[in-house]
Amino acid sequence: MTFRTGYIAIVGRPNVGKSTLLNHLIGQKVSITSRKAQTTRHRITGIRSDEGAQYIFVDTPGFQMQHQSALNRVMNRTVTQSLSDVDVALFVIEALRFDARDEKVLALLPRDHPVVLVINKIDTVGNKALLLPFIEKVSAAFPFAAVIPVSARKAEQLTDLLLEIQRHLPEGEPVYGEDEITDRSERFLAAEIVREKVFRLSGDEIPYSVSVEIEKFETVGNLRRIFAAIIVDKDSQKPILIGKKGEKLKEIGTQARLDMEKLFDGKVYLEVWVKVKGGWADDERAVKSLGYE
Ligand code: GDP
Ligand code: MG
């Protein structure tokens, strides 16, 4: 049997479930998810190795048009770049929803390699009869290689999706080791996990510009000691994240630590605090210094 290896970009507007899909395709949480747009800010690679193929998935930030901050400009560049050098693209949309934001991403899809239309969140569709006309409508807009309805959250139809992808991967030896699941460092993943908890546990008063910096990361045997600063824009956001008697921050720390222990498969000692750095999302240099490409 020939072995296949290739790169697969996952694209779509914010919130359609791209990162959830990636995590379920590789069976580990390497890309953080939340209800908030702007959750994914980086190009994240997730690797799945099967008997006959190695899939190197590239999760991308959702394409953002509303705000023209330096952070958004950098994120949009990342999407366009990651589409240009892959073997297959997955264009993810939500079942029964196709709006102007989806159209904007559709316009960026490559014409020179296969694009699979992934219709996600089919678990939310009560009347499945509505899916067929929806599929027909969206299929008319682009020459998709295939259309696969899935539920990323419930891990439904993902085998079909993998088979379809495999057909389009080029022959080639694996690039990564069998047990590698991402090319990102533990330090990076730790920062992302803390940011996910901030996104999930805070309301709209905490804006997308929140960032996390790992100030120290030490490994002693099977114990990881991690010191993380949550960076906010304004003084007024600090007490919100800390909460009454420090309870919010404590909850963020506890949930983040549990996720890290699962992902790193070892004990974690985690310290988290809040720091104020004004206006960083609008400053291209500060965006770079925090690790955004
Ligand atoms: P992204 O912005 O495209 O990366 O989207 P996320 O993966 O962060 O997911 C956005 C939201 O949609 C989260 O609240 C997910 O739990 C939810 N979601 C993702 N996939 C599914 C799905 O298959 N079914 C349902 N009901 N919700 C989903
Ligand atoms: Mg995402």
Can you pull the percent of the chain's accessible area that's carbon plus sulfur, 1.4 Å probe, other chains left in place? 49
Among beta bridges that DSSP assigns inside the stretch 77-192, antiparallel share in %, nearest 5: 15
One finds the C-alpha centres of the stretch 157-182 and the stretch 11-51 to be spaced, in Å, by 16
Among 125, 86, 198, the residue with the largest mean-square fluctuation in a Gaussian network model of the chain built from Cα contacts under 10 Å is 125
Cα lying deepest toward the dipole's positive end in the stretch 186-289, options 212, 231, 268, charges on Cβ: 268
Based on DSSP, what percent of beta bridges with both residues in the chain are antiparallel, to the nearest 5? 40
Would you rank 111, 48 by solvent-accessible area, highest first, keeping every protein chain in place and using a 1.4 Å probe? 111, 48
Would you list the P(r) distribution for the stretch 4-168, with all Cα-Cα distances sorted into 10 Å bins from 0 and each bin expressed as a whole %? 11, 43, 37, 9, 0
Just the accessible area per residue of the stretch 4-168, please: how many Å² with a 1.4 Å probe? 40
With all protein chains present and a 1.4 Å probe, the order of 260, 1 from largest accessible area down is 1, 260
Among the listed pairs 238/267; 154/245; 36/104; 121/275; 154/275; 36/245, which have their C-alpha atoms separated by more than 30 angstrom in this model? 154/245; 121/275; 154/275
How big is the charge dipole of the stretch 4-168 about its Cα centre, in debye rounded to the nearest 20, if each Lys and Arg gets +1 on its Cβ and each Asp and Glu gets -1 on its Cβ? 640
With every protein chain kept in place and ligands, DNA and RNA left out, what is the accessible area per residue of the stretch 179-234? Probe 1.4 Å, answer in Å². 42
Report the residue, chosen from 165, 148, 193, that carries the largest GNM mean-square fluctuation when the chain is represented by alpha-carbon nodes joined by springs under 10 Å. 148
Report, in deg cm²/dmol and to the nearest 500, the calculated mean residue ellipticity at 222 nm for the chain, where each DSSP H run with n ≥ 4 adds -39500 (n - 2.57) and the sum is divided by the residue count. -10000 deg cm²/dmol
Most packed first (mean Cβ within 10 Å per residue), the peptides 135-143, 35-43 order as 35-43, 135-143
Going by accessible area, probe 1.4 Å, with all protein chains left in place, what is the ranking of 104, 238, largest first? 104, 238
State to the nearest 20 debye the size of the charge dipole of the chain about its Cα centre, where the only charges are +1 on K and R beta carbons and -1 on D and E beta carbons. 1140
For the chain, what is the largest minus smallest coordinate of the Cα atoms on each principal axis, given in angstrom and ordered from greatest to least? 54, 43, 39
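The values are calculated or read from the model by the stated rules, or taken from the named source; none is laboratory data. All figures in this text were calculated on a predicted structure; none of them were measured in a lab. Please note: Cβ atoms are built from the backbone with ideal geometry, for glycine as well, and neighbour counts cover all protein chains shown. Remember, those area values only see protein heavy atoms, side chains included, never the ligands or the DNA or RNA. Shrake-Rupley method; radii C 1.70, N 1.55, O 1.52, S 1.80 Å.
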